[in-house]
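**Q** Dumping the structure here so I can ask a few things about it.
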Amino acid sequence: MKTNSPTHSDPHHQAAPNPPTANAAFSLTEILIALGIIAFCLTTIFGLFAAPIKISFTNQNETAATLAAHQISSLVRAFGPTEIPSGTYFFDDKLHLTKSPAPDTLYMARLSYSTEATTAQTPFTKITIEVTPYPPPAAGSAAPRYTFVTYIPSLNKPTPPSL
């Protein structure tokens, strides 16, 4: 008797797929390749974030240095160079001005004056303020240095408050 069931010699016969076994897993090579790809992607992503973070930190330092110089410049403009002497001033994390460093000091500013005459022979005082991080870095290492120069007419000013 002939049956209609497919035989192994039948070209349309498909074998059933092998059932999963308890030993099915990724090989060590596949895992290492996947980890390498993940490490490469994470390194690239972190590299993209490094530049903006550095730029943000630089901008923060420049802004603080500008505010420190503006504070000294405002005092000099208000009270005159004779009342705000040349020298070194210190700023804490809230940009409070002091004459000596404190534990929370972040910036140091050096103030200097020179008198110059314009073509109209009107005397002007040149104010130079150099702001650097505090404490200063080790000798030979690069440190940001911000120099601000402004001019004011040489006039008598009122007495300043004590620092």
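**Q** Amide H of Leu106 versus every other amide H placed in the peptide plane: which residues, excluding those fewer than 5 positions away on the same chain, fall under 5 Å?
**A** Counting only residues 5 or more places away or on other chains, the set is Phe91, Asp92, Asp93.
**Q** Further question: Counting only the heavy atoms of the protein chains, how much of Tyr113 is accessible to a 1.4 Å probe, in Å² to the nearest 10?
**A** Answer for Tyr113: close to 60 Å² accessible.
**Q** How much accessible area does Glu62 have with a 1.4 Å probe, in Å² rounded to the nearest 10?
**A** 80 Å²
**Q** Provide the per-residue ³J(HN,Hα) series for the range 48-55, in order, calculated from phi with Karplus coefficients 6.51, -1.76, 1.60 and θ = phi - 60°, each as a whole number of Hz, with x at glycine and proline positions.
**A** 5, 8, 5, 5, x, 5, 5, 5
**Q** Using a 1.4 angstrom probe with every protein chain in place, what is the largest-first accessible-area order of Val149, Val131? Provide the component values of the computation, followed by the final result.
**A** Values: Val149 80, Val131 0 Å².
Per-residue accessible area, sorted high to low, gives Val149, Val131.
**Q** Something else about it: Quick check: with the 1.4 Å probe, what order do Lys126, Lys54 take by accessible area, largest first?
**A** Ranking Lys126, Lys54 by accessible area, largest first, yields Lys54, Lys126.
**Q** Considering the Cα positions of the range 27-125, please state its Rg to one decimal place and its Dmax as a whole number of Å.
**A** Considering the range 27-125 through its Cα atoms, Rg and Dmax are 24.9, 86 Å.
**Q** What figure, in Å² to the nearest 10, do you get for the accessible area of Phe46 with a 1.4 Å probe and non-protein molecules left out?
**A** Roll a 1.4 Å probe over it and Phe46 shows about 130 Å².
The values are calculated or read from the model by the stated rules, or taken from the named source; none is laboratory data. Quantities reported herein were computed from a predicted structural model and do not represent experimental measurements. In case anyone asks, the SASA skips ligands and DNA or RNA and just uses the protein heavy atoms, side chains included. Shrake-Rupley method; radii C 1.70, N 1.55, O 1.52, S 1.80 Å.
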